[in-house]
Amino acid sequence: MSSTVEAKARPGRQRSVEADRAILSAALDELAESGYGAFTVAAVIGRAGVSSATLYRRWATKEELVAAALASLHPEPVDIDTGSLEGDVTALVARMAKSMSVRRDDLAGALSTELRRDDDLRAAIEAKFATPRLALIDAILTRARDRGELGDPPSAEVAWSLIAGPLHHRAYLRDKPLTPAFVRTTTTFVLAGLHAVS
């Protein structure tokens with residue numbers, strides 16, 4: 001009996017948050033210094049001061065590691081359900097604006113060309129960034145339709161472009177801050193657009 005209790009009391013090995021942070025930080029530094037083409041998992045292991053087993057238990061491939069490192073710069077997408085389309089869109093636009101305000105131009109340069117020609121990297125980043133955000137937007141649109149706030153809403157892909165387009169243009173192409181006033185204006189346009197096409 002004592003051995004059974006002892007076995008139940010001994011939990012599985014816990015994943016170290018400190019190791020996660022060290023690895024992801026090292027991956028970002030390596031990516032910024034070396035670029036994606038020269039980026040190696042071995043270099044990240046050396047920078048982070050962890051074992052290869054520790055890293056590979058978390059991320060099985062170079063592409064997954066890079067996607068996770070980039071994702072660490074932004075808040076994880078979480079479900080938004082304020083009870084109304086206006087509330088959901090307002091919260092979503094504000095979160096996306098906050099996320100886009102985190103700029104790492106050194107990383108953008110290291111990845112822009114690779115993303116166009118490396119299918120595995122593009123798929124890893126798509127899975128880490130796009131898939132959960134599209135699911136979040138789809139849930140918002142579905143609830144709005146079920147509440148009768150929208151008729152036949154556009155796809156989540158189209159809605160995401162309506163939201164991200166103005167924010168990305170202002171932050172990255174115009175190099176201007178995403179002020180509260182601009183975020184409110186974007187929210188107004190997104191809501192009007194969703195109602196106009198549904």
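Quick note: the coordinates plus some simple rules give every number you see, no bench work behind them. Because the structure is a prediction, the values reported are computed rather than measured. Because the Cβ atoms are built from the backbone with ideal geometry, glycine has one as well, and the counts that use them run over all protein chains shown.
Rounded to the nearest 20 debye, the dipole size of the stretch 53-198 about its Cα centre is 460 debye, using +1 on the Cβ of Lys and Arg and -1 on the Cβ of Asp and Glu. A crude spin-label estimate for the pair Arg104 and Arg147, with each label 7 Å from Cα along the Cβ direction, gives 3.5 nm. Using R0 = 41 Å, the C-beta based FRET efficiency linking Lys176 and Ser52 works out to 0.40. In the stretch 92-198, the inverse of the mean reciprocal separation of distinct Cα atoms equals 15.2 Å; this is its Kirkwood hydrodynamic radius.
Pair-distance distribution of the chain: all C-alpha pairs, bin width 5 Å, starting at 0; shares per bin in whole percent are 1, 7, 13, 15, 15, 13, 11, 10, 7, 4, 2, 1, 1, 0. P(r) tail for the stretch 56-147: Cα pairs beyond 14 Å make up 71% of the total.
The orientation-averaged projected area of the convex hull spanned by the Cα atoms of the stretch 22-76 comes to 3.4 nm².
Using the alpha carbons of the stretch 55-105, what is the convex hull volume per residue in cubic angstrom, as a whole number?
Per-residue hull volume (Cα only) is 93 Å³.
With +1 on each Lys and Arg Cβ and -1 on each Asp and Glu Cβ, and nothing else charged, work out how big the dipole of the stretch 19-130 is about its Cα centre, in Debye to the nearest 20. Walk me through the numbers before you get to the answer.
Working: 13 positive and 18 negative charges, 61 e Å.
In total the dipole reaches around 300 debye.
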